[in-house]
Amino acid sequence: MSEKERTKKSTGSGKSARQRKGVEIPKDQIDQRQLIHENDALRLKIVALEHSAQRFRATLYSIGDAVIVIDNKGKIVQMNPVAEKLTGWPEVEALGWQAVDVFRIISEETGAPVESPVARVMREGTVVGLANHTMLIARDGTRWPIADSGASIRDESGVITGVVLVFRDQTEERSAQKALKESECKFRETVEYLDEGYYCCKADGLLLDHNRAFNRILGFDPAHNMRGAKLPDFWQNPKDRKQYLDELMTKGSIQNFLINAKTADGAKIVVMVNSHLVKDDQDRLVRIVGTFTDFTERKRMEEALRQSEEKYRSLFDNAEVGMYRSRLDGSGIITLNQRLADIFGFTKEEMLNTPATMRWADLKAREEMVRLLQERG
């Protein structure tokens, strides 16, 4: 065996005994590397949590509603400026206090304490809201009408670790609601005692609202609720309603429209209607609102007057004696019959508007006639 071969054999192909057996790293070095790795991961998680907390805090402090964060023992851990304003508690003073001592609520109607939404959330584990007309009593005794909701905060395993309360001041909303309610009451009082019938209906005539005069005119008990009735049923001929609807839809409103209607017992009447369309923001028809009066008697009187005028005109035109009407001062003839024109030898057109005094031979006699007429009527 050559020297080269003996050297190669003794060195194991050029590798040392430590290399041939493999390097054994001490256990304490392995634990140290693992610890460094875990620490790095933990630092990343802490940084992420800090960023998340900062974002949450920024959101909490900028949100327009009042927010209070409470732990699972019912103690306050955070609250934003809006919550500070409404409760009257600065956050630094409220921290660690029981929420029921800071967030004190009562019924606006009875003044009795209202169960804390925190207790309900902790008990039920669901989102809960306050009843209507809830009042928050601030630290200085100021009362705020509020709307509120509470939700649970859970950890990764689903265990409830706290509660977040979100509430807002409803002072302006309540004022608007009160004003609206008062306006509605005034409207109802005004409408209810109108002499005219009031109605509100859908396009198909389904009655949505009405007043007492509506019932009276149509022959129903004034106290009877007519909502749900069909207005076409009160037309003598329901097909006539198409003309009314066509005009209403075209113009948007309609005035002094005469309708041949009928009462509860079938009696025929005439009503004069004024109505208009009510539409929403998208220009879609919501309802038709209108009023009507019983025009039956007036219609009868107008017809009687028309017939009387026709009768008078017939008598006037066909009288065997000359007849005319003139102004009191005799300045012009207003109308005359054919017999008078024949007597004077003119046409009726030639005599119209000519002075009546021209036909009197003695003007003093006419003046005496006018005097007697004024005295005796």
Under a point spin-label approximation (7 Å from Cα along Cα-to-Cβ), what is the Ala138-Val100 distance to one decimal in nm? 2.5
Restricting the range 217-308 to trypsin sites (Lys or Arg not before Pro) in coil, as DSSP defines it, with at most 10 other Cβ within 10 Å: Arg284
With DSSP loop assignment and no more than 13 other C-beta atoms within 10 Å, the GluC sites (Glu not before Pro) in the range 305-377 are Glu320
Determine the dipole magnitude for the range 311-377: charges of +1 sit on the beta-carbon of Lys and Arg, -1 on that of Asp and Glu, nothing else is charged, the reference point is the Cα centre, and the result goes in debye to the nearest 20. 220
Estimated translational D of the range 225-377 in µm²/s (Stokes, Kirkwood radius over Cα pairs; 20 °C; 1.002 mPa s): 103
Pop the C-beta distance of Ala264 and Phe187 into the FRET formula with R0 = 30 Å and round what comes out to the nearest 0.05. 0.65
Once label points are set 7 Å from the Cα along Cα→Cβ at both Ala304 and Ser253, what is their separation, rounded to one decimal in nm? 3.4
Treating only the Cβ atoms of Lys and Arg (+1) and Asp and Glu (-1) as charged, compute the dipole magnitude of the range 53-162 about its Cα centre; round to the nearest 20 debye. 140
Find the centroid of the Cα atoms in the range 125-142 and in the range 331-377, then give the distance between the two in whole Å. 90
Taking 0.36 nm per intervening residue step and subtracting the Cα-Cα distance, what contour gain separates His276 from Leu352 on full extension? 22.7 nm
So how much slack lies between Val370 and Phe344, counting 0.36 nm per residue of separation and subtracting their Cα-Cα distance, in nm? 7.2 nm
Centroid-to-centroid separation of the range 202-254 and the range 74-89 [C-alpha atoms, Å]: 56
Expressed in nm to one decimal, what extension gain is obtained for the pair Val286 and Ala319 from 0.36 nm per residue of sequence separation less their Cα-Cα distance? 5.8 nm
Suppose R0 equals 25 Å; then what is the FRET efficiency for Leu328 and Asp362 from their Cβ-Cβ distance, rounded to the nearest 0.05? 0.85
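Every read-out reported here was derived from the displayed coordinates using simple, explicitly stated rules and does not represent laboratory data. Model, not experiment: these values are computed from the prediction. Neighbour counts run over all protein chains shown; Cβ positions are idealised from the backbone, glycine included.
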